[in-house]
Each structure stands twice: as C-alpha cells, then as structure tokens.
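Would you mind keeping the following structure in view while I ask a few things?
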Amino acid sequence: MLKKITIALSAVALAALAACGEGGSGGAAAGDDGTITIGFAQVGAESGWRTANTKSIQEAAEAAGIELKFSDAQQRQENQIRAIRSYVQQRVDVIAFSPVVETGWDTVLLEAKRANIPVILTDRAVDSDDTSLYETFLGSDFVEEGRKAGEWLVENATGPQKVVELQGTTGAAPAIDRKEGFEEVIASRPDIEIVASQTGDFTRSGGKQVMEAFLRSTPDIDVVYAHNDDMGLGAIEAIKAAGKVPGKDIKIITVDAVKAGMEALAAGEINFIVECNPLLGEQLMELAKKVVAGEEVPERVVTEETTFTQEEAKAALPDRQY
Ligand code: GZL
C-alpha cells in the first residue's frame, strides 16, 4: 500500500514540476553554446515591403550571431500557424512572426506559452484579449499612417474629390487601421468621399485588377488611396491603359515608400507616399536577446517613419536602403 502511495505522490510531484516549468515566467534557455535560435514565421513575399523586411531580418540575425529558422507562409494563416507549431516542436529559444491577419492566433500562441517559448510580434498586431501570449509588438502605427494620407488629401484637395480605395489584405492590421485613420481625417471634409473600396491583397496584380474594375464602374475618379505602393503601382498600369495620366488626371496616395514607389513618386505618377519602415531586423534581434535573457522589454515598440512629397522623393532616392 505504502509503495503505491509513494509512486502516486512521486507522479504528482513530477507532474507539478513539469507544469511549473511550462508557461512559467522568465526567459527561455539559449542553446548549450549560448547561441540563440529564433523561429520567424513570415507573411509571404507579396510586396516590395515584405522583401525588404525579410532581408532586414535575415541580415540582422547573421550580424547578431543568432540562428534564424525562417518560413514563408505565402499569405496563408494556416501556414504561419503550422510554422509556429514546428518552432515549438524544435524548441527554439524565441518565436517571432508578422500575423497575416489579426485574429485566430490564441490557440497556437497558448501552445508556445505552455512550452515556455516567448513570442515577439513584428510588423502586424494580433487582436487578442490575452496580451500574455506575446512579450512585445514591434511595428508601425498604421492608424497614424492612414491619418497622414488623409491629411495630405485634405490639405491639397480644392473642392469635391471622388476617392477609390485599394485595401490591403482583408483582416490584416495594416488594412483595417490604414482605412480607419484615413476615414477619420477625411470625415472633416464632406466633399471628399470614398466611392469604392476593395482589397487588392497588397499585391501589384491585385491593385491593377481592382483598379481596372473601378475605372469601368466608377466615373470621374479623382483620387486613388492605396494601402501600399505595390497596389498603387498596379493602379498606375490600369490608369495608363485607360488613357489617363496617373498623378495628374487621377491623384495617387500610397503607403510604404519602397524604391519602386519612390521612383514613381519622383516621376510624378504618384502624388504622396506615407513611409512604413520595413527595416525591423536589428530591433527584433535586440528584443529577442533581451527576451531570452528574461529581461524586461516594452509592451510596444513603435517604428519611426515619415512621409514624402514628389520633391522629397527626388532628394531621398539616392540614399534609400530599400
Ligand atoms: C505593413 C506591412 C504591409 C505593407 C505591405 O507593416 O504589413 O504588408 O504595407 C505588405 O506592402 O504587404
């Protein structure tokens, strides 16, 4: 009898120890030789911004001596979830990802938490009530980016404006927030109206296809507000094919400020670009080191960024890193 009770108590003790080790606070342990391994689940390769963001992360990991496991989800949430699960199984020291959409992450992030693997959000946020599921969120203020786009239009629009909007990926934080910020500002001008709005999924081809449809269905478009440069560049193709002059017959406002967008801005085919900085790699690696070491990190790290007019683009282009 005593032996059975002893075995039972030992099992309980072991279970308690295991439970304590899971989801406990404090940093994960780095590899035996001190090397940190980070698992990064990237959205995809949908835009010039994403390409620059991936390059920044890969280069920063190498410079920091951090081992990077990297996956490209091709803009599909199920692929990102699968990648995060694989990083948990591989017992990486820290997981980072850019959530393709805001919702549907709690289950897999709880699995990482129970495995005592800290998670860092980069670029895009998740919409979850449980902020204990991640250590910090490093990325832009997309609502402010939308406000900046709206402010340029309000300041430069003399008279009524019919606006068509090329939204980013449905459900993605930048798409939701850039729309919110833009609408918040143009609400001050009843003569500025969004007459059509549809997702182009942050891709050049998506922006072109949607703009072709807008040009067929919506007469007298004055302005295109594209949630990223790539969709704006697609819209330029469609506008030219329709025999109109982009930047003149139809004004174009975009977000990102990647090289191709800045070149179109300097050439007068885009009128204004709100910068969204993709160079998050160095900050991410510094945060990863702190998190693995169990050090405190800010709940939110907002990236610095600016805006560009056509003249400012001409001056800035020679020094642009992306
Ligand atoms: C914004 C980022 C967006 C870019 C797009 O931080 O998530 O995704 O604006 C990219 O170019 O596809």
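Of all the accessible heavy-atom surface of segment 142-276, with the other protein chains kept in place and a 1.4 Å probe, what percent is carbon and sulfur? Numbers along the way, then the final one.
On the way: 2410 of 4920 Å².
In segment 142-276, the share of accessible area belonging to carbon and sulfur is 49 percent.
Now for a different question. How do the peptides 189-196, 68-75 rank, highest first, by the average count of neighbouring beta carbon atoms within 10 Å per residue?
Values: 189-196: 14.5, 68-75: 17.5.
Listed from highest to lowest mean packing, they are 68-75, 189-196.
Here's something else I'd like to know. Which order do you get for 222, 230 if you rank them by accessible area with a 1.4 Å probe, largest at the top? Don't skip to the end; give the middle numbers.
On the way: 222 50, 230 25 Å².
I get 222, 230, largest accessible area first.
Excluding ligands, DNA and RNA, what is the solvent-accessible area per residue of segment 142-276 at a probe of 1.4 Å, expressed in Å²? Provide the component values of the computation, followed by the final result.
Details: 4920 Å² over 135 residues.
Value for segment 142-276: 36 Å² per residue.
Additional query: Per residue and in Å³, how big is the convex hull formed by the alpha-carbon atoms of the chain? Working shown, then result.
Values: hull volume 44.6 nm³, N = 322.
Per residue, the Cα convex hull of the chain comes to 139 Å³.
So how far apart, in nm, are the two label points at residue 217 and residue 193 if each is 7 Å from Cα heading toward Cβ?
Going from the residue 217 label point to the residue 193 one covers 1.6 nm.
Oh, and also: By per-residue mean of other Cβ atoms within 10 Å, what is the highest-first order of 41-51, 92-102?
Working: 41-51: 21.8, 92-102: 25.5.
Top to bottom by mean Cβ count within 10 Å: 92-102, 41-51.
Please report the spacing between the Cα centers of segment 60-81 and segment 194-241 in Å, no decimals.
Centre-to-centre distance over Cα atoms comes out at 31 Å.
Here is a follow-up. Charges only on Cβ, +1 for Lys and Arg, -1 for Asp and Glu: so what's the dipole of the chain about the Cα centre, in debye to the nearest 20?
It comes to approximately 1020 debye.
Taking K and R as +1 and D and E as -1, what net charge do the other residues with C-beta under 12 Å from the C-beta of residue 281 add up to?
With Lys, Arg at +1 and Asp, Glu at -1, the neighbours total -4.
Separate question: If packing is taken as the average number of other Cβ atoms within 10 Å across a peptide's residues, how do 234-241, 306-313 rank, most packed first? Before the final figure, lay out each step's value.
On the way: 234-241: 20.9, 306-313: 16.5.
Going from most to least packed, we get 234-241, 306-313.
Step through the residues of segment 163-177 one at a time and calculate ³J(HN,Hα) from phi using the Karplus curve (6.51 cos²θ - 1.76 cosθ + 1.60, θ = phi - 60°), rounding each to whole Hz and writing x for Gly and Pro.
So the J values, rounded to whole Hz, are 10, 10, 10, 9, 7, x, 3, 4, x, 7, 3, x, 6, 4, 6.
Per-residue ellipticity at 222 nm for the chain, helices alone: DSSP H runs ≥ 4 residues times -39500 (n - 2.57), over residue total, nearest 500 deg cm²/dmol? It would help to have the intermediate numbers written out before the result.
Working: 11 runs with 142 residues, N = 322.
Estimated from H runs of four or more residues: -14000 deg cm²/dmol.
Report, ordered by chain and residue number, the aspartates and glutamates lying within cross-link reach of residue 289, taken as a straight Cα distance under 16 Å and ignoring same-chain residues fewer than 8 apart.
Within the straight-line limit of under 16 Å, residue 289 reaches these aspartates and glutamates: 32, 33, 59, 62, 67, 93, 135, 299.
Give a residue-ordered list of calculated ³J(HN,Hα) values for segment 97-107 (Karplus: 6.51 cos²θ - 1.76 cosθ + 1.60, θ = phi - 60°; whole Hz; x for Gly, Pro).
Calculated HN-Hα couplings, in order: 7, 10, x, 4, 10, 7, 10, x, 10, 3, 4 Hz.
To the nearest 20 debye, what charge dipole does segment 142-276 have about its Cα centre, counting +1 at the Cβ of each Lys and Arg and -1 at the Cβ of each Asp and Glu? All intermediate terms of the calculation are to be shown ahead of the outcome.
Working: 14 positive and 23 negative charges, 81 e Å.
Computed about the Cα centre, the dipole is about 380 debye.
If each of residue 237 and residue 111 carries a label point 7 Å out from its Cα toward its Cβ, how far apart are those two points in nm?
In this crude spin-label approximation the distance works out to 3.7 nm.
Something else about it: Is the C-alpha gyration tensor of segment 142-276 telling us rounded, prolate or oblate? Criteria: a/c under 1.5 is rounded; beyond that, a/b larger than b/c is prolate, otherwise oblate. List each step's numbers first, then the result.
Values: a/c = 1.25, a/b = 1.09, b/c = 1.15.
Cα axes put segment 142-276 in the rounded bin.
Hey, another quick one. For the pairs 162/240; 179/251; 162/259; 69/148, flag any whose C-alpha to C-alpha distance is greater than 24 Å.
Numbers: 162/240 19 Å; 179/251 18 Å; 162/259 28 Å; 69/148 36 Å.
The answer is 162/259; 69/148.
First obtain the Kirkwood hydrodynamic radius of segment 231-322 from its Cα pairs, then insert it into the Stokes-Einstein equation at 10 °C and 1.306 mPa s, and state the resulting D in µm² per second as a whole number.
Details: Rh = 15.0 Å.
Translational D for this selection: 106 µm²/s.
The values are calculated or read from the model by the stated rules, or taken from the named source; none is laboratory data. Keep in mind the model is a prediction, meaning the values are calculated, not measured. Because the Cβ atoms are built from the backbone with ideal geometry, glycine has one as well, and the counts that use them run over all protein chains shown. The protein model used for the area step is the full one, side chains on, heavy atoms only, and it has no ligands, DNA or RNA in it. Shrake-Rupley method; radii C 1.70, N 1.55, O 1.52, S 1.80 Å.
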